[in-house]
Amino acid sequence: MICTTCRHTIGACTCPDADQKLHDLAYGDAPLTFKWCLTCDRHYARCQCATPDFYVIANGKEVPIPAGGFPNAGGGRTMPDLTKR
């Protein structure tokens with residue numbers, strides 16, 4: 001994912017309001033799903049926790065991972081890895 005303002009990846013975004021914008025999207029009504037850290041309440045790419053606690057979030061609620069993963073745009077399935085960045 002690329003920031004439309006600074007053109008960096010989300011993890012390297014230099015915008016001062018990046019975390020707030022991502023938080024608003026993750027907790028808003030948009031049909032988006034994010035890998036999120038429960039410990040610091042940030043997008044996984046911006047998490048700096050020594051021991052992160054990742055989960056999948058959409059509309060401010062935890063989303064269970066279906067068996068076989070989530071459908072993706074390529075017609076396949078994606079299984080999020082919640083153990084690493």
Segment residue 27-residue 40, extension gain: residue separation times 0.36 nm, minus the distance between their alpha carbons: 3.2 nm
Dipole magnitude of segment 16-74 about its Cα centre, charges +1 at Lys/Arg Cβ and -1 at Asp/Glu Cβ only, in debye to the nearest 20? 160
Going by alpha carbons, how many degrees (0 to 90, nearest 10) lie between the helix axis of 18-27 and the longest principal axis of the chain? 30
Cα-based Rg then Dmax for the chain, in Å, read 13.1, 38
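Calculate the FRET efficiency for residue 20 and residue 78 from the Cβ-Cβ distance with a Förster distance of 25 Å, rounded to the nearest 0.05. Intermediate values should be presented prior to the final figure.
Details: r = 27 Å, r/R0 = 1.07.
The calculated FRET efficiency here is 0.40.
Only the coordinates and a few stated rules stand behind these numbers; no lab work does. If you're wondering where the values come from, they're calculated on a predicted model, not measured in any experiment. Virtual Cβ from ideal backbone geometry, glycine too; neighbours counted across all protein chains shown.
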